[in-house]
Structures are given as structure tokens and as C-alpha cells.
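J.: Please find one structure pasted underneath; my questions will follow.
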2 protein chains.
Amino acid sequence: MNRSLQSFLAQEQQEVNAALNKYIKQLNIPDRLRESVLYSIEAGGKRLRPILMKLTCEGFGGDVKKIYPAAIALEMIHTYSLIHDDLPAMDDDTYRRGKLTNHKKFDEATAILAGDGLLTNSFHVITSSDLYTDSEKLFIIDKLAKASGLEGMVAGQYMDMMAENQQITIEELESIHRLKTGRLISFAIEIGGFLANVSEEMLCKLKEFAEYQGIIFQIQDDILDVEGEQELIGKQVGSDINNDKSTYPSILGLQGAKHYKQQYVNQSNECLTALDLINANIAILAQYLADRNQ
Amino acid sequence: MNRSLQSFLAQEQQEVNAALNKYIKQLNIPDRLRESVLYSIEAGGKRLRPILMKLTCEGFGGDVKKIYPAAIALEMIHTYSLIHDDLPAMDDDTYRRGKLTNHKKFDEATAILAGDGLLTNSFHVITSSDLYTDSEKLFIIDKLAKASGLEGMVAGQYMDMMAENQQITIEELESIHRLKTGRLISFAIEIGGFLANVSEEMLCKLKEFAEYQGIIFQIQDDILDVEGEQELIGKQVGSDINNDKSTYPSILGLQGAKHYKQQYVNQSNECLTALDLINANIAILAQYLADRNQ
């Protein structure tokens, strides 16, 4: 990774983590429940969604400080989804990013409630912000609820569970990921543009770019599960194959998956050109995400 | 129960059920996930919260049609909380209102996701309504997220779980129930007043009335668990004692609990008098809730 991108990402992660911590710590909640929430919040992660939001906003000349409440709400939703996905009844994971999963560190009931609480309070982060007008707040809440709800991420996670041990087509795989991971990534990018007051027409093109990012992100995730380095990706290489999960490489082969990804990268670059963002930092980030090794 | 109250409640239940069904059915979600959501939605329940909201709004001369989106969002949150509370890791219940619990009818993963989805989409019900101004929507979303989130219902459920098999005081019991069941009941009543445009001062008194209703409701629930009729209450009499749960009767004795409840009923009636609602239908409902046998 380019050194200046690396230090930028590290700095952004710190800013997002600080804002998340500040919000959670000022709430009046039982100590151990707060500990459980903070445990998963502090497990960190790359904060890619907030960073996508910020660089999109910056690319259009927006005031990047405005992204924080929306970005924090988004990370709370993302964190809740990881806590619930790891539960024994779902993916039954013991570790995430090298740390015990929430229900292993605490207990299942606490993990369920920490997830429910993070989800619910993500909307409160928006209503209680003083950076947005009423109509901005409602736009963000509406998009966030749709992206993460019954027609969005929740449906994707459900379809993903149902597809386990099933032979599925590339179209089915893609429609699962468009919902499961794509919708929150799209939300990040759309809101970045929205907060920079881009035109309706530009927002439409931006959504197309956002959709490609979600798919590219997932294909690269699947590729790393085959040829990544365990210390870098933070989970066992080959875990998808061991779990009998359909992935881009399992359907298309490793080279096929890389080729498939490249087609989306080309389309994504065409969008960036049309949006006059091809020389912006968001283009550097997009390129990094497509080629990342972690 | 008074026959006219009975038929009013039945009619209201139908209206709320129809509106809930309509919202869920127009969503684009996987069939079996929708079935699971509708299963718990259709398990019905008394719809007391929407009815409290409606009669409060009516008592202040408001337009009762305006309550529906807020009431439906509230019932979706209430329904999600029952699905998650019934999970094996939480209360581990097999039946609710005489029907299999969601995770027994479907499976745990589906139940978790149905709950997550209901919770998330409850906020979408508000953003997508055409009955509210932007500022009304934000007021409702803010109150709903606070009432049901980490400082509200979720904290109450957490404290309730932690209190199992523990000796607790009446103050501790009450603080659990103020959060676990009280906050959503309060939300119902407050929003009923808010939508009827009551003054700040009246809203403050109304909140006091709402808090009493939450406590009275819970005391009566505990009393019915001791002396109720199984067919009417829809669960086994004595289940709290069998689960070694602290209740008002277990701490105060049955007569003590009845006396304790009556003090709150008196204070509640004083509020109704101050609010000039003592002759309104909300007063009849409050009396019924305090004395109900189901």
C-alpha cells in the first residue's frame, strides 16, 4: 500500500473510532452492556465505509466534517451486523479480526442485545446531530433504514444463510452480495455525494459507481480467501471452502474471478471519469480496494 | 370487560393488524423471511400501545388518523423485542400467546433476522409516511430510538436477564420495568399527545401519567401470573415463580402488590384530572388496564 494512503487511512480510523467511543461513552447504560458494545466497536476494522463517504464528499468539494454523524451511524449498523452474524445460530464464529467474537467474550444474550442496541441507537445518532437540517436527517435515516433493513442487508444475510451448501449461479451470488455487503457500501458513497450537494443526475451516476464498489469489494474478499496471507486478512485462508460457501472463485475459478473483477473495475473507472473524480482521492482508494491484500 | 370497550378494542386491533400487514406485504423480501415476520406480526397481541396512543390523541381532540404510522412503527419494535426475548439465549420460550415462538416455528437464524428487520424497518415506516411534517417525523424517530435503544428497552431487557435468580429490591424491580416495558408504553401515550399538539406543560403532565401506566401494567401482569386464568392470559399461571423471577407479588406479597398498584392508580387518576381527561375514553382504558384479567 502507498505510504501516504496508509497513513491517511490510519488517521481516519482514529477519528472514526474516537467519535464512536465518545457517543457510546456518554450514554447511560448498564456497565457490562456498554463494555460489550465498546468491545465490538473497538475491535476496529478498517472503517472503509466512513472513509469511502469522506473521500466521496471531498471529491465533490463538500465539507467533510459533515460526514461524521452519518458515518458513525453506519459503522454502528455495520458492527451490529457483525455481532449478530457471528452468533451460533448464524455463522457460529469464535474469532473475528483475531479477537474472540462478542458472544464468546460475553454471552449470547448480551451479544444479541448489544447488536439490537447499536442498531437502534444508530438512528439516534442522526436525530441528535446538530450538523444536519431536518430534511438532511430524514434523507439519511430513510436511506440507512432501507439499506440495512428487510429489503436490504437483512435480506442479503438471510439469502446468504439459505444458500449455504447449495449450488448457486453467479447471478444469485451477486444478488446476495448486492444486498448483504453492497447496500451499506452504496449508502456510504451516496451519502458522501448527498452531503456535498451533488445534482440528481450526478447522484444517479454515483450510485452506479457505488454498486460496482460493493461488488468489487466482495470479489476481492473472496479472492483473498483463496490466495491472501492469514496475518493480513485476519482470518484463516480457505475458510469459505471449508464452510462450503459459494464464492466468485468457486464458481468462476481464481483467474475467472480476477477477470470478472477487472470488468467491474473498468466500469467503475468509467463512472469516475464521468463524475470528474478520476484524479480525486476516491479514485486512489477505489484502486486500492480492488487490489488490496488485507 | 364492558361490552362497548371490548368491541372497540377488537375493532382497533383489526385496524392496526391491517395496517401492519399492508406495510409488510408490499416489501420486496425473501418469501420465508416475510412469512416469519408476518407470523409474529399476526400472532397479534392486544395492540394496547397503539390503542393508548389513539385514545390519548382523541382525548386531546387530535386527528386520530395521524397515529397510524407511529403506532405501526411502535408495534414493529414491540414485536421484534418479543421475538428476540423468546430466543434460547434469552428467555428460551417455546410458546407465546398459545402459538409456537418464532424460532420454534422457523429457526433461530430466521428469528434473529426477522427481529432485526422489524426493528430497522420501523424507522422506515416513519420516514415514508405522508401524514407527518419533517419535524414531526424527527420527533417521533428520536423518541422511538431513545425509548427502545441502549438507554431504554434494551437496557431494561439486559437488567432483567441479569436479575434472574437474584434477590432484588422493589426499587430495582421498578427501574427494570420502567425501561423494559415502561418506555414503549410511555412513547405511545406521549406521541398520542404530541400528535394532538398539546402544550409543553401538558406534555410534561402526560409523561407522568404515562410512567404510571407502564408500572401499573407490569404490576397487573405479575398479579395475573399468580391469580389469573390460564386460558385468558395465554400462558401458564405461576411461570414467574417457576422461573425464579422477582415480581411485585414475590417481593410485596399478593395483597401488598395490589395495594402498591392502587397507589399508582390514584396518582394516575390525579394526572387525568389535571389533564382534563378524567371523563375521556383514555380514562376508561386506564381503569380497564389496571383491573384486567387478561
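The values are calculated or read from the model by the stated rules, or taken from the named source; none is laboratory data. Values in this document were obtained by computation on a predicted structure and should not be read as measured data. Note: ideal-geometry Cβ built from the backbone for every residue, glycine included; neighbour counts use all protein chains shown. Heavy atoms of the whole protein, side chains included, go into the accessibility calculation; ligands, DNA and RNA do not. Shrake-Rupley method; radii C 1.70, N 1.55, O 1.52, S 1.80 Å.
J.: What Rg and what Dmax come out for the protein assembly as shown when only alpha-carbon atoms are used, in angstroms?
T.: Looking at the protein assembly as shown, its Cα Rg and Dmax stand at 24.9, 77 Å.
J.: Based on DSSP H assignment, which helices of chain A show an axial Cα extent of at least 24 Å together with a mean Kyte-Doolittle hydropathy greater than or equal to 0.0?
T.: Values: long enough: A:3-25 (33 Å, -0.65); A:67-85 (27 Å, 0.73); A:108-127 (29 Å, 0.77); A:200-227 (40 Å, -0.09); A:254-274 (30 Å, -1.05).
The qualifying helices are A:67-85, A:108-127.
J.: Might you report the magnitude of the Cβ-based charge dipole of region B:114-168 about its Cα centre, with Lys and Arg at +1 and Asp and Glu at -1, to the nearest 20 debye?
T.: Here region B:114-168 has a charge dipole of around 40 debye.
J.: With springs only between Cα atoms under 10 Å apart, run a GNM on chain B and tell me which of B:81, B:175, B:40 wobbles the most.
T.: The residue with the greatest mean-square fluctuation here is B:175.
J.: While we're looking at this one, here's another question. Using the Cα atoms as the points, what is the convex hull volume per residue of region B:3-291 in Å³?
T.: It is 124 Å³ per residue.
J.: Find which of A:286, A:176, A:68 sits farthest along the positive direction of the dipole of chain A, computed with +1 on the beta-carbon of Lys and Arg, -1 on that of Asp and Glu, about the Cα centre.
T.: Of the listed residues, the answer is A:68.
J.: For chain B, with a Gaussian network of springs between Cα atoms less than 10 Å apart, report the residue from B:103, B:124, B:177 with the top mean-square fluctuation.
T.: Of B:103, B:124, B:177, the Gaussian network model singles out B:124 as fluctuating most.
J.: Just to confirm, what accessible area per residue do you get for chain A at 1.4 Å probe, in whole Å²? List each step's numbers first, then the result.
T.: Numbers: 11990 Å² over 294 residues.
For chain A, the solvent-accessible area averages 41 Å² per residue.
J.: Same structure, new question: Between A:53, A:202, A:162, find the one with the highest GNM mean-square fluctuation for chain A; connect C-alpha pairs within less than 10 Å.
T.: A:162
J.: What is the interface area between chains B and A, defined as buried accessible area summed over both chains with a 1.4 Å probe, reported in Å² to the nearest 100?
T.: Interface area, both chains combined: 4000 Å², rounded to the nearest 100.
J.: Round to the nearest 0.05 the FRET efficiency obtained for residue B:208 and residue A:31 when R0 = 35 Å and r is the Cβ-Cβ distance.
T.: E between residue B:208 and residue A:31, to the nearest 0.05, is 0.75.
J.: Here is a further query. Taking the Cα centre of the protein assembly as shown as origin and charging only Cβ (+1 Lys, Arg; -1 Asp, Glu), how large is the dipole, in debye to the nearest 20? Before the final figure, lay out each step's value.
T.: Details: 58 positive and 84 negative charges, 107 e Å.
With only Lys, Arg, Asp and Glu charged at Cβ, the dipole is about 520 debye.
J.: What spacing in nm lies between the two simple spin-label points modelled at residue B:65 and residue A:172, each 7 Å away from Cα in the Cβ direction?
T.: Going by the 7 Å Cα→Cβ label model, 4.6 nm.
J.: Here's a follow-up. If you average the sequence gap of Cα pairs under 8 Å that are 6 or more apart and divide by the length of region A:3-291, what percent do you get for the contact order?
T.: 19 percent
J.: Between residue B:6 and residue A:288, how many nm apart are label points set 7 Å from Cα along the C-beta direction?
T.: 6.9 nm
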